[in-house]
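Reviewing the structure listed below.
The values are calculated or read from the model by the stated rules, or taken from the named source; none is laboratory data. Keep in mind it's a predicted model, so treat the numbers as computed, not measured. A quick note on method: Cβ atoms are made from the backbone with ideal geometry, for glycine too, and the neighbour counts reach across all protein chains shown.
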Amino acid sequence: MKYRVLALACSALLLSAGETVAEVPSVIAIRGARIVTVSGPVIARGAVILRDGLIEAVGDAQPPPGAWIIDGEGLTVYPGLLDALSTLGLPDTPSLNGTGRPNATRPQGAPPAVPRGPEDRPLNTSYLRAADELSPTDRRLEAARNAGFTGAVTFPTQGVFAGLGAVIDLAGKRPGQMVVQSPAGLYLTTHSGGFGSGYPSSLMGVIAYIRQIYLDAGQYKTAKAIYAAHPKGLKRPGYDKWLEGVLEAPRVLLPARDPKEMERMLRLGEELNLKVLLYGLAEGFRAPEILKNRNAQVLVNLRWPEKPRAADPEAEETLRDLETRDLAPSTPAALVKAGVKFAFYAGALEKPSDVAPAIRRAMNAGLSHDNAVRALTLNVAELYGVSDRLGSVEKGKIANLVVTRGDLFRDKTEVKYVFVDGIKYEPAAEAPAPAPEVTR
Amino acid sequence: MKPVALWIAAAAALYAASDDSFLIRGAAVYPVAAPGIENASLLVLDGRVAEVGAKVAAPRGVRVIDGKGLRVYPGMIDSATEVGISEIGAVGVTNDVRELGDFKPQLRAGIAVNPSSEHIPVIRANGITAAMAIPDGGVIAGQASLMRLDGWTWEEMAVKLDAALHLNFPTITTRRFPAGAAPFSEAKRDYERRLKQLDEYLEQARRYRTAKKAGGPDFRTDLHFEAMLPVLEGKVPLMVSAVREREIKAALEWAEKQKLRLVLSEVRKPGAMLAELKAKQIPVILGPTQDLPLDHDDPYDAAFTLPAELYKAGVKFAFGSFGNQFSRNLPYQAATAVAFGLPYDEGLKSVTLYPAGIWGVSAEMGSIEKGKWADLMVTDGDPLEVRTQVRRLFIKGKEVDLESKHTRLYKRYLARP
């Protein structure tokens, strides 16, 4: 008992390192604030009432007696930001910018060292569930909250079939409290093992492998259904854990950087009858019509292409690379113009505070502020099918809010409060990032 | 007068039996070193050019070849190949290009050349009579040998076994095999380390030379350093591949510091170093000039126009095919260069006279001149024209069969029912 108290005290200390966590009043009312609902018109002055982790009322409502009142004078309430593709809450997963620790141990029952074909299921950890691996003590959660994020769609990232993601809230006492929706989708990459690591070792091999896995999964599903209907007298189909996650995924995330890849992946998705979210899209500005024509839904990487840091200073860069670096931030505006639905993801950025400058670049390239907010809130929720719970300031939705002084993404904007599941977090004035070691 | 006549009479019997003496009559002769002569005669005695002119009398007994409608040119020299030391790239045992080890100046590519290589007749059929066989691998790869493309053994083929020493001069390489890139700083450190290694090797070679001069009972002959002596004395040039300006600059500065003679190869983007190359009289072996551009945004004809740029800058150059079977395209490398601005005569010289000069054998080959070996191609047209056929080929005055694997296959499939 004593130890448990100590542990709780420690975790409280950890959480309070750079921000203040409010005691939990069951009712909170933010009064007199400007409310950007995203789902409806902006309310110039109104109240938002939060009860038991949900939004109870928005607009003219009077704070109920006993409510914890927050003076919203001069503040703006937004729905909490959602990162559409990240590794938040998964401290052991290499992040999307290629940093971080790879899994030290090979998962149990993993395929043999040098796979010879699709039957060995190489680079397939589709059975991994982000929801099962969550850690509320991931230090990055606080930095994300400080930047206005309250939720994320978080994924295992390794391999071709990396694993099943989950829509999560960026706070919670226990991992299970963080999960909003699982599985949210299956994250695929085209990273082959590389030369000498066996099948698949080329892009062509990876695509063939993806096809084969879906063919196998289809066959597996049919076999299971037949067996389930008439188990007597039938040889049972073997359990294939590498296909279970594939079958379960409600949607598939496929990488596409340039028009050729966009076309290729959309065709693959159509061929395999998948619900596809394309991610990446650095060169989406070149051919947004491809996306429009095929009714694509896309996730745009907020890490705009950069000059390679340690490159040979005399190496000649291609005009295409220079152009991409210059024009990639115009992709969001081009997508809006073409009528393509998209959301942003920040998972490849080094730190959440890089989000605002990245958004500003997209706005300088023609994206409206409204659309920028939408691409980090309601659009994320809609693309993942959770817009009934997240993504806007609406009655009945989860009480995930960000309250700022000044417009979101502006240079001097201050994030005053963040609410996750109705619990208030206050970023420290000087948010230390990363959080310092407090207790040991 | 009389002794001469006697001598000729005595010789006549000899020539009649020998196969390296003949007279071509009524052909257009293009000596390359001098203007072409229409309707001329060319006398070859004992494998060497004896006389060229409008009227040359055939010594009695000498075979006479009717050259009507034909042209005679010196045979072409390919300045960079793996001919005879690599047969099929994908079949390991047929490749003798790379030896193990970093420093192996004592290796002579020429003695590894297989005289029965299937590539040799194929190449010859396009008028190429000599080629540099270049070893590779390590830092000092070995001696590149100039080989005549006819002979029963390598000894018969060898023109100059130590025509050059092939050095893989270190470069700053950020690309990593099979993929990815190293940070520039790391690549640079690696480069500096390798350069230091090379400098130390040369220093050792110099100490060896000093020790050898001093003699003494402790002196022991070392074949590695023995092979370095002619290089240190400037008798044998170093063949160094340097593609871009930075690499050329580094190689030139290094060679100047080390007081060594250079022949650059595979130059693609010399940039500001063109003037340097001219000033220091450093010859260049141009790589496959029918290549695609080096960098993504280069003009499509970057490789085609490079020879003309070098010519305008006054840099001496010759063509190399850097292959084995594709050595047969050597005349078309020159032809493409001519189509893209190189004067015609320069194009022809870049595959004949200039390589002979660069490899130090211009007294022996490279043009049709009295006293030089009769390495000749007899064509039905301009050799820089694709449709032109080589009708006859002579190496050291001996007629060489133009049959090759290509012609054999051609006949075989032509006869298919």
When region B:360-411 is checked residue by residue, the ones that are out of contact with any strand residue (DSSP E or B) (no Cβ under 6 Å at 6 or more places or on another chain) and hydroxyl-bearing (Ser, Thr, Tyr) are B:Ser362, B:Ser404, B:Thr407, B:Tyr410
Could you please let me know if B:Ala250 is part of a helix (DSSP H, G or I), within 14 Å of another protein chain (Cβ to nearest Cβ) and within 27 Å of the chain's Cα centre (by Cα)?
yes
Inside region B:253-276, can you point out the residues that are more than 21 Å from the chain's Cα centre (by Cα) and in a loop (DSSP other than H, G, I, E, B)?
B:Lys259, B:Pro270, B:Gly271, B:Ala272
Any residue in region A:359-373 that is within 30 Å of A:Ala61 (Cα to Cα) and either out of contact with any helix residue (DSSP H, G or I) (no Cβ under 8 Å at 6 or more places or on another chain) or at pLDDT below 95 (or both)?
yes
May I ask you to say which residue of A:Val38, A:Val27, A:Val42 is outside the structural domain of A:Tyr279 (by TED's automatic domain parsing), at pLDDT 95 or above and surrounded by 15 or more Cβ atoms within 10 Å (Cβ to Cβ)?
A:Val38
Give just the number: which of (1) in contact with a strand residue (DSSP E or B) (Cβ under 9 Å, 6 or more places away or on another chain); (2) within 14 Å of another protein chain (Cβ to nearest Cβ) does B:Asp190 not satisfy?
(1)
Quick one: in region A:380-389, of everything that is surrounded by fewer than 22 Cβ atoms within 10 Å (Cβ to Cβ) and touching a residue at least 40 places away in the same chain (Cβ under 8 Å), which residue is nearest to A:Asp354 (Cα to Cα)?
A:Glu382
Which of (1) crowded, with 20+ Cβ neighbours inside 10 Å; (2) on the phi < 0 side of the Ramachandran plot does B:Asp401 not meet, given it meets every other one?
(1)
Conditions (1) touching a residue at least 24 places away in the same chain (Cβ under 8 Å); (2) part of a helix (DSSP H, G or I) -> A:Met204 fails only (1)
Show me the helices (runs of 4 or more DSSP H) found entirely inside region A:209-324 where at least 2 residues are basic (Lys, Arg) and at pLDDT 95 or above.
A:259-271
Taking B:Leu393 as the residue in question, decide whether it is in contact with a Lys or Arg (Cβ under 6 Å, 6 or more places away or on another chain) and of a type in the set (A, V, I, L, M).
yes
Only residues that are surrounded by 18 or more Cβ atoms within 10 Å (Cβ to Cβ) and within 14 Å of another protein chain (Cβ to nearest Cβ): list them for region A:302-315, please.
A:Asp312
For A:Phe344, which of the numbered conditions (1) closer than 17 Å to A:Val167 by Cβ; (2) not assigned by TED's automatic domain parsing to the domain that holds A:Gln297 fails to hold?
(2)
Residue in region A:190-201 that is in the same structural domain as A:Leu378 (by TED's automatic domain parsing), closer than 30 Å to A:Thr377 by Cα and buried (at least 18 other Cβ atoms within 10 Å of the Cβ) present
yes
Give me the pairs, please: first residue somewhere in region A:316-337 and within 14 Å of chain B (Cβ to nearest Cβ), second residue anywhere and among the small types (Gly, Ala, Ser), beta-carbon distance under 8 Å, and either six or more positions apart or on two chains.
A:Thr324/A:Ala282
Six or more apart or on different chains, Cβ atoms under 6 Å: show the pairs whose first residue is in region B:38-65 and touching a residue at least 60 places away in the same chain (Cβ under 8 Å) and of a type outside the set (Lys, Arg) and whose second is loosely packed, with under 14 Cβ neighbours inside 10 Å and in a loop (DSSP other than H, G, I, E, B).
B:Val49/B:Lys370
When every residue in region A:42-74 that is touching a Ser or Thr at 6+ places or on another chain (Cβ under 8 Å) and part of a strand (DSSP E or B) is compared, the one nearest to A:Ile423 (Cα to Cα) is A:Arg51
What are the residues in region A:390-420 that are at positive phi, buried (at least 18 other Cβ atoms within 10 Å of the Cβ) and either of a type in the set (S, T, N, Q) or modelled with pLDDT of 95 or more (or both), if any?
A:Gly391
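Residue by residue, here is whether (1) outside the structural domain of B:Leu229 (by TED's automatic domain parsing); (2) among the aliphatic types (A, V, I, L, M); (3) crowded, with 23+ Cβ neighbours inside 10 Å holds:
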| site | (1), (2), (3) |
| --- | --- |
| B:Pro135 | no, no, yes |
| B:Ile140 | no, yes, yes |
| B:Thr153 | no, no, no |
| B:Thr173 | yes, no, no |
| B:Phe184 | yes, no, no |
| B:Arg194 | yes, no, no |
| B:Gln197 | yes, no, no |
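With A:Gly339, A:Gly385 as the choices, which residue is closer than 18 Å to A:Val180 by Cβ, of a type outside the set (Ser, Thr, Tyr) and not assigned by TED's automatic domain parsing to the domain that holds A:Arg45?
Criteria check complete, one pass: A:Gly385.
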Could you pull out the residue among A:Thr331, A:Thr377 that is of a type outside the set (Lys, Arg), under 30 Å from B:His296 (Cα atoms) and either surrounded by 24 or more Cβ atoms within 10 Å (Cβ to Cβ) or in the same structural domain as A:Val252 (by TED's automatic domain parsing) (or both)?
A:Thr331
Members of region A:286-301 that are crowded, with 21+ Cβ neighbours inside 10 Å and either in contact with a Leu (Cβ under 6 Å, 6 or more places away or on another chain) or within 14 Å of chain B (Cβ to nearest Cβ) (or both):
A:Pro288, A:Ala296, A:Val298, A:Leu299, A:Val300
Are any of the residues in region B:91-102 touching a residue at least 60 places away in the same chain (Cβ under 8 Å), surrounded by fewer than 21 Cβ atoms within 10 Å (Cβ to Cβ) and assigned by TED's automatic domain parsing to the domain that holds B:Met157?
yes
